[in-house]
Amino acid sequence: MRAYLDHAATTPLLDCAREALVDALGATGNASSLHWSGRAARRRLEEARESIAEQLGVAPSEVVFTAGGTEADNLAVKGLWWGRTAARPDRRRVLASRVEHHAVLDPVHWLGAHEGAEVVWLDVDRLGRVDPAQVADELARADDVALVAVMWANNEVGTVQPIEAIAAACAHADVPLHVDAVQALGSIPVDAALPTTLAISGHKLGGPMGVGALVARRNAPLAPLTHGGGQERQVRSGTPDVPAIAGFAAAVAHVLGDLPERAARVAALRDTLLAGVTTLAPDAVVNGAQGGPDARLPGNAHVSFPGCEGDALLMLLDAAGVDVSTGSACTAGVPEPSHVLLAMGIDAVLARSSLRLTLGHSSAAADVEALLAALPAALDRARRAGQVRISARLATALDGG
Ligand code: PLP
């Protein structure tokens, strides 16, 4: 049995989600067709929408289904930009935090490179937190902000942002706020009615991959990115994946139903993991905010091991049957230090020495025990490999190479 400590990358499918998905896979019908089969698919789609809306405390028409979190983020960032600049072309500033997931970071960069957006990157402190006062100051500077984007909780270090204060500043300035809640929903309380748009994803909370939603307020000035059949309020054309959406809705209901108990259980396991890791490696540095669910995601542990390469540790633990990550799964394999850790002021060498260990609904004490059993040998080998690399670099430098 492998120990799976990478719930931030993806979570095992919940039984209720699998049942809803498989049940709907057996049915034929396009939700836009007028005949009986089409109406049956439409009913399933709308029931899923109503269920998610009810769980999130928003209106069903505010739930726009997408093919995952990345698409929801792109729709929000580019859709709000085009919606806002169409109304007033002088709104050119975009405020976004430096620690966003690439699903927000890259569309914001793209707007800067191709659409003339003036991007203001919001700094974070050593724990990865945005200062709401900086958001308010930037908004007060001039009435030219097209949108603000700050994530609810970070996918690498688990830091939770002060979204309520940021949403209040945006509401005061009447500027739309996009919040990426992909990691937050199902792990901590999320008030989906606070921002203008909110991105969520199925596979991060026990649902299927390739499905998500953008919760968009009725008055959100959203321009569509896809044009076609006009599905999903005309902002997301394309035949909706009804089976995946049914599985997604079942997962959302499940994870919001048992959130407080599960979050407490997962946080206790995470604390046991951290206590064990810091005992085995007293020089380890724990990154991100510490504290309860308003500070850090309950399932997130993020640790730097001085003298070790994170990638080497990952491979050694992998060989020992333990799945961990060095950061965001989408950038794994890219040997650059994480932009999140650099934004937090962590130096590049320490940033490259980091592991992200994330727990979730299927995690058990055995997963933590497996990690703690495999870690000493992995640390030993990774440190020795690190020393060899340092000596080689030193020799090259002394040779004048
Ligand atoms: N936003 C955050 C914070 C994430 O962690 C991820 C996935 O890693 C995404 C967006 C992208 O979601 P998806 O994998 O559904 O496209």
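The values are calculated or read from the model by the stated rules, or taken from the named source; none is laboratory data. Since we're looking at a predicted model, the values are computed, not measured. Cβ sites come from the backbone with ideal geometry, for glycine too, and all protein chains shown count toward neighbours. For accessibility, only protein heavy atoms count, side chains too; no ligands or nucleic acids. Shrake-Rupley method; radii C 1.70, N 1.55, O 1.52, S 1.80 Å.
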Residues in region 166-212 that are assigned to a loop (DSSP other than H, G, I, E, B), touching a residue at least 24 places away in the same chain (Cβ under 8 Å) and more than 12 Å from the ligand (Cβ to nearest atom) total 12
Checking G310, G247, G238 in turn, the sole residue that is in the same structural domain as G29 (by TED's automatic domain parsing), open to solvent by less than 10 Å² (accessible area, probe 1.4 Å) and more than 19 Å from the chain's Cα centre (by Cα) turns out to be G247
Apart from one, (1) surrounded by 17 or more Cβ atoms within 10 Å (Cβ to Cβ); (2) under 21 Å from the mean Cα position of the chain (by Cα) all hold for E164; the odd one out is (1)
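Out of curiosity, is L222 more than 16 Å from the ligand (Cβ to nearest atom) and crowded, with 24+ Cβ neighbours inside 10 Å? Break it down into steps so the answer makes sense when it comes.
Details: more than 16 Å from the ligand (Cβ to nearest atom): yes; crowded, with 24+ Cβ neighbours inside 10 Å: yes.
Yes: the conditions hold for L222.
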The helices (runs of 4 or more DSSP H) lying wholly within region 28-135 that contain at least 1 residues that are away from the ligand (no atom under 15 Å from the Cβ), at pLDDT below 95 and open to solvent by 10 Å² or more (accessible area, probe 1.4 Å) are 69-87
Determine whether region 121-135 contains at least one residue that is touching a Lys or Arg at 6+ places or on another chain (Cβ under 8 Å) and among the charged types (D, E, K, R).
yes
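Conditions (1) at pLDDT below 95; (2) open to solvent by 60 Å² or more (accessible area, probe 1.4 Å); (3) of a type in the set (F, W, Y); (4) assigned to a helix (DSSP H, G or I), marked per residue:
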{"site": "M315", "(1), (2), (3), (4)": "no, yes, no, yes"}
{"site": "G360", "(1), (2), (3), (4)": "no, no, no, no"}
{"site": "L371", "(1), (2), (3), (4)": "no, no, no, yes"}
{"site": "L379", "(1), (2), (3), (4)": "no, no, no, yes"}
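Report yes if T272 is touching a residue at least 12 places away in the same chain (Cβ under 8 Å), in a loop (DSSP other than H, G, I, E, B) and among the hydroxyl-bearing types (S, T, Y), otherwise no. Before you say what the answer is, go through the steps one by one.
Working: touching a residue at least 12 places away in the same chain (Cβ under 8 Å): yes; in a loop (DSSP other than H, G, I, E, B): no; among the hydroxyl-bearing types (S, T, Y): yes.
When the stated conditions are applied, T272 does not pass them.
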